[in-house]
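No value in this document is a laboratory result; all are computed from the given coordinates. All figures in this text were calculated on a predicted structure; none of them were measured in a lab. Don't worry about glycine lacking a Cβ; one is built from the backbone with ideal geometry, like all the others, and counts go over all protein chains shown.
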Amino acid sequence: MRTLIATSLAACLVCSTAIAQTSTTTITTDQQSKVKTYVMKEKPASVKVTETVAVGAALPSSVTLHTLPADVGVQYRYAIVNDKTVLVEPTSRKIIQVIE
């Protein structure tokens, strides 16, 4: 019985890890191109932060989030942080993608 419970728990952990890994948000290559073009046209200033600038990290409230036009087809906001363009989920302020 203990072996069955332990095996079931292990299976649940493996499944939940796989689900968490597949929930990464990305945008299409076309959307990335539109974001890059828009950002180059707008030329917003880069904000320097000491926090890590990576997917999943939350931006501090001192960073201004900019809106993208509707034709880009992305519901996220963007910011230029440490000279990197990042897409951000506006309510959590978490970075969902770094656009190179």
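Using alpha carbon centroids, what distance separates segment 24-50 and segment 64-85, in Å?
If you average the Cα positions of each part, the centres end up 6 Å apart.
If amide H atoms are built 1.01 Å from N in the plane of the peptide, which residues on other chains or at least 5 residues away come under 5 Å of the amide H of LEU68?
TYR78
Among the trypsin sites (Lys or Arg not before Pro) within segment 32-100, which fall in a DSSP loop and have no more than 15 other Cβ atoms within 10 Å of their own Cβ?
For trypsin sites (Lys or Arg not before Pro) across segment 32-100 that sit outside H, G, I, E and B with at most 15 neighbouring Cβ atoms in 10 Å, the list reads LYS48.
Using a Cα-Cα cut-off of under 13 Å, which aspartates and glutamates could be cross-linked to LYS48, ignoring same-chain neighbours fewer than 8 residues away?
Partners found: ASP83.
About its Cα centre, how strong a charge dipole does segment 26-99 have in debye, to the nearest 20, once Lys and Arg get +1 and Asp and Glu get -1 at the Cβ?
Roughly 120 debye for segment 26-99.
Looking at segment 26-99, what % of the alpha carbon pairs are farther apart than 17 Å?
Numbers: 938 of 2701 pairs.
Pairs farther apart than 17 Å: 35 percent.
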